[in-house]
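Note sheet for the following structure.
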Amino acid sequence: MNYGIVSQEQLEQIDVILSDKLIKLGVDCVIIIDMAGNIITAKDNGESKYDVYSFAALAAGNFATVDAMAKLVGEQEFSLLFHKGQESNIHFSKIDDELLLISMFGQDISLGFLRLNVVDVVEKIRKIWEKE
Amino acid sequence: MSFINLKEKVVQVKIVYYGPGRGGKTTNLEFVNRTYRKQILSEMVSLKTHGDRTLFFDFLPFDMGKIKGYDIKIQLYTVPGQVKYNATRKLVLRGVDGIVFVADAMEKQREKNIRSLNQLHENLQSYKESIFNIPLVMQYNKVDLKEHGIPILPLSVLQKDLNSRLKVPYLEASAITGYNVAATLKKIISSSVISIQKKLL
Ligand SMILES: Nc1nc2c(ncn2[C@@H]2O[C@H](COP(=O)(O)OP(=O)(O)O)[C@@H](O)[C@H]2O)c(=O)[nH]1
Ligand SMILES: [Mg+2]
């Protein structure tokens, strides 16, 4: 893909994958952002009302910070980033060097189950990029 | 790198206010936040220390309306100015489309402005960006202090120190009173949007 611009077709394909693989499983909200804090796409279950722009800026900062800490202790990266709350959880997954997939979900989904599906989604999205 | 969504016709533009600590970057955003409530999509986010200093960044999303059928969403960021925070300053610069350099016009801050600008140059290089190519506006802030008898650097000195090679648009301003805050923002938005349009052609 020509990074920075995503075609309508690519976005539609990605939205279908996010809906089928994550929202239908009960994930409240999924966002794809780039490392600069821009939103590529956001999907939710129609109930959750997150302020996605602020969220993207903070998430990119958070991921970049953890990444920089990993380098300081000699790790390539900390591949799993997960924040657990009383009622909601946030899971970060790197799609490639520029893109992050963020899932917000409640207590009715287990982390293990979510991770399996996220891995699948990330693979499918990478394929869409490669087609360009 | 701005992000362009062809499906929803949205362009996201990242603008960073950069400059020495206590120069007035956060004050610029606070003024915009107060003055343009209607165009602001959500609350200003400020990650700061207990002493009210910027720790990571301030963030303010700003809706510009449409240009050529595209919805322009401006994301305003500030960096933390304190010297020790260069690692986080660099992170905030990732993917930047336009920069406002907020210089502190107080005489005693002369060296700090120059050092901060040099570091901006280096930080951009680490992203393979050049200070000579990226849309940039110089803001010489705190000119209101002149009236209070506090020594201010003359415009000619500021220009010589900071803008003799860059030759970018510049404005004297007072973030605290709002003088030229909106004009600075308009200038950097138009430079950034023009530069994005050029990249698209
Ligand atoms: N007199 C005057 N003070 C200012 C102006 N802009 C900012 N300040 C003050 O300078 C201090 C630092 O401002 P701040 O916005 O936090 O600086 P930052 O570190 O660049 O974000 C604060 O006490 C502000 O009230 C200005 O235009 N004139
Ligand atoms: Mg500040």
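Details
- For chain A, averaging the sequence separation of C-alpha pairs within contact (under 8 Å, six or more residues apart) and dividing by the residue count gives a relative contact order of 29 percent.
- Shape of the range B:139-201 from the C-alpha gyration tensor: oblate (a/c of 1.5 or more and a/b not above b/c, with a ≥ b ≥ c the square roots of its eigenvalues).
- Within-12-Å neighbourhood charge of B:Asn5 [Cβ basis; K, R +1; D, E -1]: -2
- Look at the Cα gyration tensor of chain A: its axes a ≥ b ≥ c give a/c under 1.5, and that counts as rounded.
- The residues neighbouring B:Ser42, those whose beta-carbon lies less than 12 Å from its own, together hold a net charge of 0 under the Lys/Arg +1, Asp/Glu -1 convention.
- Entry comment: accessible area of the range B:3-200 is 47 Å² per residue, from protein heavy atoms only and a probe of 1.4 Å.
- With every protein chain in place, the protein assembly as shown: carbon and sulfur % of accessible area (1.4 Å): 53
- Label point distance in nm, A:Glu12-B:Gln119, each placed 7 Å from Cα along Cα→Cβ: 4.9
- Evaluated with a Cβ-only charge set (Lys, Arg +1; Asp, Glu -1), the range A:16-131 carries a dipole of roughly 200 debye about its Cα centre, given to the nearest 20.
- Length-normalised contact order of the range B:3-200 in % [C-alpha pairs under 8 Å, at least 6 apart]: 24
- Neighbouring Cβ atoms from other chains, within 10 Å of the Cβ of residues in A:90-100, number 0 on average.
- The range A:72-132 versus the range A:1-60: alpha-carbon centroid distance in Å: 12
- In the range B:2-148 the Cα-Cα distances spread across 5 Å bins starting at 0 as 2, 9, 18, 21, 20, 15, 9, 4, 1, 0, 0 percent of all pairs.
- Over the protein assembly as shown: helical MRE at 222 nm, DSSP H runs n ≥ 4 each giving -39500 (n - 2.57), nearest 500: -11500 deg cm²/dmol
- Residues along the range A:48-62 losing 40 Å² or more of accessible surface when the other protein chains are present rather than the chain by itself (probe 1.4 Å): A:Tyr53, A:Ser54, A:Ala57, A:Leu58
- Heavy-atom accessible area buried between chains A and B is around 2200 Å² (1.4 Å probe, both sides summed).
The values are calculated or read from the model by the stated rules, or taken from the named source; none is laboratory data. As the structure is a computational prediction, the values presented were derived from the model and not from experiment. Don't worry about glycine lacking a Cβ; one is built from the backbone with ideal geometry, like all the others, and counts go over all protein chains shown. Heavy atoms of the whole protein, side chains included, go into the accessibility calculation; ligands, DNA and RNA do not. Shrake-Rupley method; radii C 1.70, N 1.55, O 1.52, S 1.80 Å.
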